[in-house]
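Nothing in this text is a laboratory measurement; each read-out follows from the coordinates by a stated rule. Since we're looking at a predicted model, the values are computed, not measured. A quick note on method: Cβ atoms are made from the backbone with ideal geometry, for glycine too, and the neighbour counts reach across all protein chains shown.
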Amino acid sequence: MSSLQWIKCKTCSEVKPSEEFYKQNSKFGRFKECKGCHRDRSKRFRKDNPDYYLLNTYGMTKEEYDQMLEEQGGVCANEACDYGLDEDHTLCVDHCHSTGKVRGLLCNWCNSAEGFLKSNVQVAEGLIKYMRKHNGEEEEG
C-alpha cells in the first residue's frame, strides 16, 4: 500500500506528488505551493527587491554594494578575470560561509569555482599545479 499523497499547488493549480512540495511544521505538513513555483517566486522576489535581498542575506545595503563595486573598478575581484558586466550579468557577493563576512564581489564563474573549492587554498594551488602540468606550462617529473 502506497503512502503517496497528491497535492494541488495553489500557484500553478497542478496536482503533484507530495514530494514536489517542501515540508512544513504544520498540521498539513507541506507547503501549498510546489517547489518549482516556490523557486520561481523566490527568483522574482530577489530580482525585484535587490535591496531587501542584500540586507537580509549578506547584511549589506545597496549603497555598500555599490561602494564595493566602485572600489573594485566595476569588475570581478579576481584580478586575473576579464569577465565583463552588462545588463544581464551582475557580480555575486562572495562571503565566508562559516562567519558570514562579505569578502568581495565575484563574477558567477569565479564565485562558483571558489565555492566548489570550498575556500581551500591548498586544493586551489594543487589544481593550478595540475593545470600547468597538463597545459605544458611546467616540466613533468
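The C-alpha atoms of the chain define a longest principal axis, and helix 121-134 lies at about 60 degrees to it.
Using only the Cα atoms, what convex hull volume per residue in Å³ does the chain have? List each step's numbers first, then the result.
On the way: hull volume 30.9 nm³, N = 141.
Enclosed volume per residue, from the Cα hull, is 219 Å³.
For MET60, the amide hydrogen comes within under 5 Å of the amide hydrogens of LEU55, counting only partners 5 or more places away or on other chains and with H modelled in the peptide plane.
Treating the beta-carbon of each Lys and Arg as +1 and of each Asp and Glu as -1, no other charges, what is the dipole magnitude of the chain about its Cα centre, to the nearest 20 debye? Each step should come with its number before you reach the end.
Details: 21 positive and 24 negative charges, 320 e Å.
Dipole about the Cα centre, nearest 20: 1540 debye.
Could you tell me how many degrees, from 0 to 90 and to the nearest 10, lie between the Cα long axis of helix 62-71 and the main elongation axis, the longest principal axis, of the Cα atoms of the chain? Tilt of helix 62-71: around 20 degrees.
For VAL102, what charge total do you get from the other residues with a beta carbon under 14 Å from its beta carbon, if Lys and Arg give +1 and Asp and Glu give -1?
Within the 14 Å Cβ shell, the charges total -3.
How big is D for region 27-72, in µm² s⁻¹ as a whole number, if Stokes-Einstein is applied with the Kirkwood radius of its Cα pairs at 25 °C and 0.890 mPa s? The calculation lands on 196 µm²/s.
Remark on ASP94: its backbone amide H falls under 5 Å from those of ARG103, GLY104, LEU105, LEU106, a criterion applied only to residues 5 or more positions apart or on other chains, H modelled at 1.01 Å from N.
Rounded to the nearest Hz, the phi-derived 3J(HN,Hα) couplings of region 15-28 under the Karplus curve 6.51 cos²θ - 1.76 cosθ + 1.60 (θ = phi - 60°) are 8, 9, x, 4, 5, 7, 10, 5, 6, 9, 7, 8, 4, 6, where x marks glycine and proline. Ordering 100-106, 112-118 by mean Cβ neighbour count within 10 Å, with the highest value first, yields 100-106, 112-118. What the phi angles of region 54-60 give under the Karplus curve with 6.51, -1.76 and 1.60, with θ = phi - 60°, is a coupling list of 4, 5, 7, 8, 10, x, 10 Hz, glycine and proline written as x. Taking N as the residue count of region 82-135, its C-alpha radius of gyration divided by 2.2 N^0.38 Å amounts to 1.32.
Compared with the direct C-alpha span, the chain from LYS35 to GLN67 gains 8.0 nm at full extension, assuming 0.36 nm per residue.
A cut-off under 13 angstrom between Cβ atoms defines the neighbours of GLY29, and their net charge, with Lys, Arg +1 and Asp, Glu -1, is +3.
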